[in-house]
Each structure stands twice: as C-alpha cells, then as structure tokens.
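The block underneath contains the structure these notes are about, expressed in structure tokens.
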2 protein chains.
Amino acid sequence: MSGDGTVGKACDVLDLVAGFNRPVRFGELLDHSPFPKATLYRFLQTLTNQGMLNFDPDRQSYAPGIRLMRLAHAAWTQSSLAPIARPHLDALSRDLGETVHLAQLDASQVLYVDKRNAEQPVEMYSQAGKVGPAYCTGVGKAMLAFLPEKALDLALSQQSYFRFTPNTLASETELRAELETIRSHGYAFDREEHEPGIICIAAPILTPNGRMLGAISITGPTSRTDLTQLEKWAPLVRQAADNIGREAQAWRFPDIQQEKVILT
Amino acid sequence: MSGDGTVGKACDVLDLVAGFNRPVRFGELLDHSPFPKATLYRFLQTLTNQGMLNFDPDRQSYAPGIRLMRLAHAAWTQSSLAPIARPHLDALSRDLGETVHLAQLDASQVLYVDKRNAEQPVEMYSQAGKVGPAYCTGVGKAMLAFLPEKALDLALSQQSYFRFTPNTLASETELRAELETIRSHGYAFDREEHEPGIICIAAPILTPNGRMLGAISITGPTSRTDLTQLEKWAPLVRQAADNIGREAQAWRFPDIQQEKVILT
DNA sequence: CCATTTAGTTCCAATATTTGAAACTAGAAT
DNA sequence: ATTCTAGTTTCAAATATTGGAACTAAATGG
C-alpha cells in the first residue's frame, strides 16, 4: 500500500491482521501479504512483542493487541471531534429522538467516532471505531462533497462501488453528480443506498475557513420516517454541524496563549 | 524502552505522543525523547503519513491519529474479553446496581476494557481504553496476584508506588504481602487506596487451566456502601469471573473444528 | 526595519538494520 | 515409519536508518 520504509510496512501488517476481523494464523496472513515468509514472521514477532498484536498460543493465531486501545483512547480524546461534538450530539438526540452519528474520514472510509442511539444506551467500541463505506452513506457523501479536489480524486478512486442496494450510486460518475448536488444544498441524504429500510440526512462539519473535519447524521428506519421528514430537520443538523466546526477551529487557542503568558 | 528495531522505536514515539494527553509540538517531543532531531522528525513524518499520528497544521502539533481507533476497534472485538464478558457485566450491573469494571493488564498497567455505570449510560472511550495503576486498584491487585512469577517480578518493578491516599500500599514489600492474601481469598479489595471515598471488590478472571486473563470489579462510594457489604457480593463476583474465564477458554475451539470439518 | 535567535527541515556518507532464499524443525497426515 | 505441511532460524547481500551539520523560515527584540 504505502511504502514508508519499515514503519509503513509494519503498519500494513497491522491493517492486514485487523482486516480479517478474527484471529488469524501465520499461513493465512502469508497468503494475503506481499512479504516473504521470514520477513512477515519477523514483523509479527516484533509487533506482538510490542503489544500491538496479540498472539494466542492456544490457537496459534494473531489479533490486534490491546495496546492499541490505550493509544486509541488518546486519539479519541485529542484528535477526534467527539469531545467537542458531545453536547451537540446529546441535544440532537434528545430533540429528535433518532439515532445520531458523528463520523470522520480515515483512509477514504467513514470512521464512526461517536453515536447516540434512539432508545438504548451507546454500545462501546462496537460502534465507535467502526468503519463503513464513504460512497453510499450520508456522512460519507457529505464529507466527500467538501473534500479539496486532489484529496477527492484520490478518495473516489479508492471506493469499491459495490452495489449494496438498488439505490446505491455504484459509479464514480453518478457519485460526482450527487456530490455536486450535496455541495449546493449543504446536506446529504442516504436514500437506502447502503441498507434497505435505512435512510438518513447528514451535514458536513466545516471550519469557518472551510476545512472539512467530519460529518453528523440523523438516521431512521423507513418504517418510522421518510425523506420529507428528514429534510425538515436539515436546518437543525446544519446548525449543529456549524457550531461544532466553529468550536473546533477556536479550540486550543487559549492553550497557546497560556504558554505565551507563562513564558513572558 | 524496548529496542525492537525501527518498529519498536516507532511504537515508542507513539507512546511518547500519546503520553502528553494533549497535542504536542515537535520541540517538546524532542526534549522528552532519546532520539536526535532528524531521527525524531522522520519518525513523526512517517507516522503522520500513516495516519497513526495526526498533525494539526494550524497549531503545528502532533496527536495520536484516528487510524488507531479503527485498529483498536478490531482489538476490542477480537483480543479483549469484552465480547465474552458483556452479558455477565450486564447481569452484575442489573443485580447489584453499582458500577462494574472489566479490566486487562497492558504493560503492567490496568487497562479498562468495559464498564457498566450504576445510573448513567456508559461513556465511550472516556472509559474503555483508559489506563490506571495496578498496585492500588482492586482489578490491578487481583490480576497481579495471579500472574506467573516472572511476569509478576517484572510488573512489580514497573509500578510507581505513588501514595495516592493514606491507604495506598506504597512499596513492593507491602504489596507482595497483600497479593498473598488475595491469592488465598480469591478476591481483592480496594480500601480507598487510589481515591478517597471509593472502595471496590475485584476478582481475577482465570481460565480453568489457570491462565490469568483479566479482572472484574464492583465499585461504590463509601457514602453508600462498605467493605462488609462488598464482601457479601464476593461469591457473585467470583462466579461471574469464573464463568467468563471458562467461556474464554472454550472460545474458538468450535472455530478450529469447523476448519477441520471443512478440510476433511 | 534589520539583526538575532529559535524552531523546524533537509542532506548525505557512515553505519546498522532489514531482507529473503534456503535450510531446518516440529508436528500432523498418510 | 514416512511424507507433508506449517512454522522457525540462519546469514551474507542489499537496503534503510542514522545523526551531525548545514540550511531555511518564522518569531523575537533591539
């Protein structure tokens, strides 16, 4: 994938292991990796040794290690929009009573960063940290629509365009047209493009100076809601997204000033 | 810390950045790292490039990257006890009405893997992924008590023994005596050793063949409960821990058999 | 406004590490 | 008992990392 020397390769191995979504044996990994046996073997040893992978001696299988959870906790706290967005998600969830998602883009995929569930309490990592396709979800399209040109080209070339439902926009051409519409409206719909019976409205989170940071969405089942209903919520969703974007840009400036004060 | 070649060093840099618990600039990292300027610089570039770190161009600061969240999600699903323990935590939480923790050991520290909160829904990564000291928490001591000798020696040498409260066991000698008691009882108390006003009872999670996998605990404020009350719950906690341990060992065997069946 | 300091980035030859074919070992299947 | 398969180790050649030093950009201050 990406040739950042030894470290990049090690990251690729991490992804490889994580990608199986189950503990996996050496041989399987070898079949799916570009590395020679000895090389892959040493990477697995090193990563296991570091706690980035977990080796189960009973099963003789590798899985992502819990050291990653500690690091991810720091990432969630510091690099994600979750801390800033939290009160806004709470408010949307309370006011609208439907599922609320907060997502960011990671490797051209949608990464769900936080969630409020309509009737039941949040399920932990089973939601946060989960990934999904960008080209056929509300949050995904909302984010793509406001990506800078070069990044967009790359991202669009990396989508699978698998047709999950009859409504899926399953080509780059169709998707680009849709993104145009989304840009002009300022929000995106998911018209059962990923899962039948599930629709959503999503808005991008943009800083005042235009950097796209993520997206939020309101999701509901077609049994309970429809696109007309969702569209009525558009102003609310947009407003929440704008507030998050503004706060995100303002964030940390106090921090820097503090340092200045201390140094003076 | 640990010299696993280039990959090990890159992991150290990740820990270094995560350890600040806030976005941090190049210079600060340099002051706290053993690497020369150019070397650290290249590590940061590579890791940022890989999405393992996040570089904020406005602030010119580094933070753990959201790619870690995706990997951690896989770790939580596959390598942690959370999926197995979930129903047991739910039951304990429902029956006892107090806070329930599930923890595992990571780098001689307590890593909280899941949680049920008495009255309010779970807070996401703000709990899962969080780390704490092993020598002065219930889950920590319960796990240490059932660690194999060599691993225990290492772990005990890595504790800070900071005296958080008057009750903290702030030396290896005191702690070893306590671990002896815990081994004979099969459960551990936290007698306000980490936070004043907070007590807990914890039980190690052991496989039938004796491998220590983690621990669970029931925590309460001294205003509402006392050690006598907690001790009454010991059988319940132990039973839940045993069930988790048994299921964890049994886990995956079907998987292997499936493969055998397919191959035959 | 220019001089000076500080912070961050690039270069490149010396050096240490990674690489991977091949040999080896343990255990399962025949 | 023998053959296979899966996993582990070895070692010289190939390659990537290293880090001192030179460089640039941006902040500071005179």
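If you go through the range B:207-264 and keep only what is of a type in the set (A, V, I, L, M), modelled with pLDDT under 85 and closer than 21 Å to A:F55 by Cα, you end up with B:A250, B:I256.
In the set B:H73, B:H88, B:H32, which member is of a type outside the set (F, W, Y), buried (at least 19 other Cβ atoms within 10 Å of the Cβ) and more than 11 Å from chain A (Cβ to nearest Cβ)? If you could, list the steps in order and put the result at the bottom.
On the way: B:H73 fails: more than 11 Å from chain A (Cβ to nearest Cβ); B:H32 fails: buried (at least 19 other Cβ atoms within 10 Å of the Cβ).
Every option except B:H88 fails the conditions.
Of the set (1) in contact with an Asp or Glu (Cβ under 6 Å, 6 or more places away or on another chain); (2) near DNA strand D (Cβ under 8 Å from one of its atoms), all apply to A:G5 but (1). Of the residues screened, B:K141 is not one that is assigned to a helix (DSSP H, G or I) and either at pLDDT below 95 or facing chain A (nearest Cβ under 10 Å) (or both). The residues on offer are B:S80, B:S93, B:S61, B:S33, and the sole one that is closer than 19 Å to B:V131 by Cα and among the small types (G, A, S) is B:S80. Only residues that are touching a strand residue (DSSP E or B) at 6+ places or on another chain (Cβ under 8 Å) and more than 16 Å from DNA strand C (Cβ to nearest atom) were counted in the range B:53-72, giving 8.
For the range A:75-86, the criterion of being in contact (Cβ under 8 Å) with a residue 12 or more places away in the chain and hydroxyl-bearing (S, T, Y) is met by at least one residue.
Checking B:D56, B:D15, B:D4 one by one, the residue that is without any contact (Cβ under 8 Å) to a residue 24 or more places away in the chain and more than 7 Å from chain A (Cβ to nearest Cβ) is B:D15 and no other. Within the range B:25-52, which residues are in contact with a strand residue (DSSP E or B) (Cβ under 6 Å, 6 or more places away or on another chain) and more than 9 Å from DNA strand C (Cβ to nearest atom)? Hits for the range B:25-52 are B:L47, B:T48.
Going by what's in this entry, would A:L16 be described as surrounded by 15 or more Cβ atoms within 10 Å (Cβ to Cβ), closer than 30 Å to A:Q249 by Cβ and of a type in the set (A, V, I, L, M)? Even if it seems obvious, please write down each step before you answer.
Values: surrounded by 15 or more Cβ atoms within 10 Å (Cβ to Cβ): yes; closer than 30 Å to A:Q249 by Cβ: no; of a type in the set (A, V, I, L, M): yes.
Taking the combined requirement at face value, the residue does not satisfy it.
For the range A:223-233, the criterion of being crowded, with 21+ Cβ neighbours inside 10 Å, in the same structural domain as A:I84 (by TED's automatic domain parsing) and either of a type in the set (K, R) or over 18 Å from A:N167 (Cβ atoms) (or both) is met by no residue. Against the numbered list (1) facing another protein chain (nearest Cβ under 7 Å); (2) surrounded by 24 or more Cβ atoms within 10 Å (Cβ to Cβ), A:D106 comes up short only at (2).
If you check A:F162 against the conditions, is it surrounded by 15 or more Cβ atoms within 10 Å (Cβ to Cβ) and in the same structural domain as A:G138 (by TED's automatic domain parsing)?
No: the conditions fail for A:F162.
State whether one or more residues within the range A:109-131 are more than 11 Å from every other protein chain (Cβ to nearest Cβ) and crowded, with 24+ Cβ neighbours inside 10 Å. Scanning the range A:109-131 turns up no residue that is more than 11 Å from every other protein chain (Cβ to nearest Cβ) and crowded, with 24+ Cβ neighbours inside 10 Å.
Here's the yes/no breakdown for (1) of a type in the set (K, R); (2) outside the structural domain of A:L152 (by TED's automatic domain parsing); (3) touching a Cys at 6+ places or on another chain (Cβ under 7 Å):
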site	(1), (2), (3)
A:G65	no, yes, no
A:R86	yes, no, no
A:A91	no, no, no
A:R94	yes, no, no
A:V100	no, no, no
A:A103	no, no, no
A:D106	no, no, no
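Between B:E193, B:E178, the distinction of being surrounded by 14 or more Cβ atoms within 10 Å (Cβ to Cβ) and part of a loop (DSSP other than H, G, I, E, B) belongs to B:E193 only.
As a summary of the residue check, A:L230 satisfies the conditions (1) touching a strand residue (DSSP E or B) at 6+ places or on another chain (Cβ under 9 Å); (2) part of a loop (DSSP other than H, G, I, E, B) except for the one numbered (2).
The values are calculated or read from the model by the stated rules, or taken from the named source; none is laboratory data. Since we're looking at a predicted model, the values are computed, not measured. Neighbour counts run over all protein chains shown; Cβ positions are idealised from the backbone, glycine included.
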